[in-house]
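J.: Could you have a look at this structure, given as structure tokens, before my questions?
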Amino acid sequence: MDGNPIERDFSALVDDRPEERSFRVDRSVYSDPAVYDAEMTCIFESGWVYLCHESQVEKEGDYYATEIGRQPVFVSRQKDGGLKCFINACSHRAAILTPFKRGNARVMTCRFHGWAYNCDGRCVRIKGEDEGFPQDGFDRAQFNLTEVKTVASYRGFVFASLNPGVETLEDYLDAAKTFIDLLVDQSPAGLEVVRGYSTYTIRGNWKMQLENAVDGYHVSTVHRVFAATVGAREARDSSSGMARTEGGRITGKVATGGYDLGRGHMMIWATHTTPEVRPIWGQKERFEKEFPPAKVKWILERGRNLAVFPNVMIMDNPSTQIRKVKPLGPDRFEVTVYCIAPKGEPAEARAARLRKFEDFYLTSGMATSDDVAALEDTYDGGMATTARWNEFGRGYATMIEGPDEDAAAIGCAARTSMRNWDFETLYHGFYRRWRTLMAAGRND
């Protein structure tokens, strides 16, 4: 990816002293405009970023509009069944081409001057072409859309990079693949993003969302109202079966853990105290026939939050979701959440999955609004750069190098393991990756 070289050395913003079991991050990483600009160049526009799920672009001509860093792009399903990605800008005067965030169009016509493009990126019409370009031998192919050629999908999750020299997606996903597999393998027919989504904006820095997604330490504090309210509702309504919500993780009294999965990816887990209320529980017998016991235990009895660096979270807890983050500046980011579910699941399970999704993951529910408030308070407090450092040393003394027994049982090559999701050592991998990528863009 061509871009301006980064002149500043950001490495001192991460205070990493393993020999002293100390790990701190300078609070300016959340607010400094120069840091943000470098992140866009060195991270989002130089490496892999998540775009969409294949179920959102299933048919020929289906498109999904999104972005890679600051660059607007769209993904389009091709006639041969493959996927292509293009810069979402008319070759004439740069107007956005997609009329909606998601839709179907085998030909896209610019709403500004009427230029048209096939879904394979070819320019097929220029309004007034003969008058505007009367020269002999004029070839409109020179105005084909700019293609983002580095596109790949892992188990239905679509990623792209503006950098043609980037490592393969499978290498990039590293040990995070293990936990993507745990979700995808729940359905022989595959997964689908359910209709509808919620988008909201948070006053804060994009990294705070990745941190929060795998921060088990806040759960029993920030979400205690959710647990009490759901408990009271279920007692009032005499709820049973899948109408109940698994809330054991919120008490802080169940077995938990977490992992640094390499390349900035992180995951936390917590034991389900009532796994039988989960929408997937009806598949227990099939799982026990198809998978080893350790894998079945991970699927049915452990809720999981996976953060894939730098912009997507995949969660399998009371419900299942994809959460995508879009940086809007050093002080603002956008979050979009989708419910993802097994194709063809029973109607009762799908309904339960959606109700649980609404309860916890929507801003109109009883948990996400609390997270937003906590993150915005944290961003405001982070302006206190006179008190320079955020502390990430909790749990260092008991950190396990490599996978623990539970991770090893499913073939997960975690870099480090935590015995408790309250601990914070998984962030070390996130910020070491951040530091490495930021240094890679410097003009030394």
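The values are calculated or read from the model by the stated rules, or taken from the named source; none is laboratory data. Remember, predicted model here, so these are calculated numbers, not experimental data. Here Cβ is always computed from backbone atoms with ideal geometry, including for glycine, and neighbour counts include all displayed protein chains.
J.: From the residues in segment 364-420 that are within 23 Å of the chain's Cα centre (by Cα) and of a type in the set (Phe, Trp, Tyr), which one is surrounded by the most Cβ atoms within 10 Å (Cβ to Cβ)?
T.: PHE392
J.: Take the conditions over 30 Å from VAL194 (Cα atoms), assigned by TED's automatic domain parsing to the domain that holds ASN118 and in contact (Cβ under 8 Å) with a residue 40 or more places away in the chain and apply them to SER91. Does it pass? Let's see the steps before the verdict.
T.: On the way: over 30 Å from VAL194 (Cα atoms): yes; assigned by TED's automatic domain parsing to the domain that holds ASN118: yes; in contact (Cβ under 8 Å) with a residue 40 or more places away in the chain: yes.
Against the criterion (over 30 Å from VAL194 (Cα atoms), assigned by TED's automatic domain parsing to the domain that holds ASN118 and in contact (Cβ under 8 Å) with a residue 40 or more places away in the chain), SER91 qualifies.
J.: Is segment 46-69 home to any residue that is farther than 30 Å from CYS119 by Cα and buried (at least 19 other Cβ atoms within 10 Å of the Cβ)? Walk me through it before giving the result.
T.: In the first step, residues of segment 46-69 are kept if they are farther than 30 Å from CYS119 by Cα; the result is none.
No, segment 46-69 contains no residue that is farther than 30 Å from CYS119 by Cα and buried (at least 19 other Cβ atoms within 10 Å of the Cβ).
J.: Being β-branched (Val, Ile, Thr), touching a Ser or Thr at 6+ places or on another chain (Cβ under 6 Å) and over 30 Å from PRO346 (Cα atoms) narrows it down to one residue among THR150, THR199, THR146; which is it?
T.: Details: THR199 fails: over 30 Å from PRO346 (Cα atoms); THR146 fails: touching a Ser or Thr at 6+ places or on another chain (Cβ under 6 Å).
Within the list THR150, THR199, THR146, the selection yields THR150.
J.: Just for strands (runs of 3 or more DSSP E) wholly inside segment 1-81: which have at least 2 residues that are in contact with a helix residue (DSSP H, G or I) (Cβ under 9 Å, 6 or more places away or on another chain) and more than 27 Å from ASP171 (Cα to Cα)? Lay out the reasoning, then the answer.
T.: On the way: elements: 14-17, 22-26, 49-53, 62-68, 71-77.
By residue number, 22-26.
Yes or no, residue by residue, for (1) crowded, with 19+ Cβ neighbours inside 10 Å; (2) polar (S, T, N, Q); (3) within 30 Å of ARG286 (Cα to Cα):
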site	(1), (2), (3)
ASP185	no, no, yes
ALA189	no, no, yes
VAL193	yes, no, yes
ASN212	yes, yes, no
ASP215	yes, no, no
SER220	no, yes, no
ARG224	no, no, no
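J.: Go through segment 153-176 residue by residue and tally those that are of a type outside the set (Ser, Thr, Tyr), within 19 Å of SER55 (Cβ to Cβ) and without any contact (Cβ under 8 Å) to a residue 40 or more places away in the chain.
T.: Residues flagged as of a type outside the set (Ser, Thr, Tyr), within 19 Å of SER55 (Cβ to Cβ) and without any contact (Cβ under 8 Å) to a residue 40 or more places away in the chain within segment 153-176 amount to 1.
J.: Restricting the search to segment 356-395, which residues are of a type in the set (Ser, Thr, Tyr) and closer than 18 Å to ASP422 by Cβ?
T.: Listed by number, the list holds a single entry, THR378.
J.: Can you go through SER220, SER187 and tell me which one is farther than 30 Å from ARG122 by Cβ, among the small types (Gly, Ala, Ser) and part of a helix (DSSP H, G or I)? Full working, then the answer.
T.: Working: SER187 fails: part of a helix (DSSP H, G or I).
When all the criteria are applied, what remains is SER220.
J.: Out of everything in segment 235-275 that is of a type in the set (D, E, K, R) and surrounded by fewer than 16 Cβ atoms within 10 Å (Cβ to Cβ), what residue ends up being modelled with the highest pLDDT? Outline the logic, then answer.
T.: Of the residues in segment 235-275, the ones of a type in the set (D, E, K, R) are 236-237, 244, 246, 249, 253, 260, 263.
Now narrow it down to the ones that are surrounded by fewer than 16 Cβ atoms within 10 Å (Cβ to Cβ): 236-237, 253.
Numbers: ARG236: 76, ASP237: 63, LYS253: 80.
The extreme case among them is LYS253.
J.: Under the condition of being in a strand (DSSP E or B) and under 30 Å from ARG93 (Cβ atoms), which residue from segment 136-178 is farthest from the chain's Cα centre (by Cα)?
T.: Taking segment 136-178 and keeping what is in a strand (DSSP E or B), we get 147-148, 150-154, 157-161.
Filter again for under 30 Å from ARG93 (Cβ atoms), leaving 147-148, 150-151, 158-161.
Numbers: GLU147: 23, VAL148: 20, THR150: 19, VAL151: 16, VAL158: 11, PHE159: 11, ALA160: 13, SER161: 15 Å.
Within segment 136-178, the match that is farthest from the chain's Cα centre (by Cα) is GLU147.
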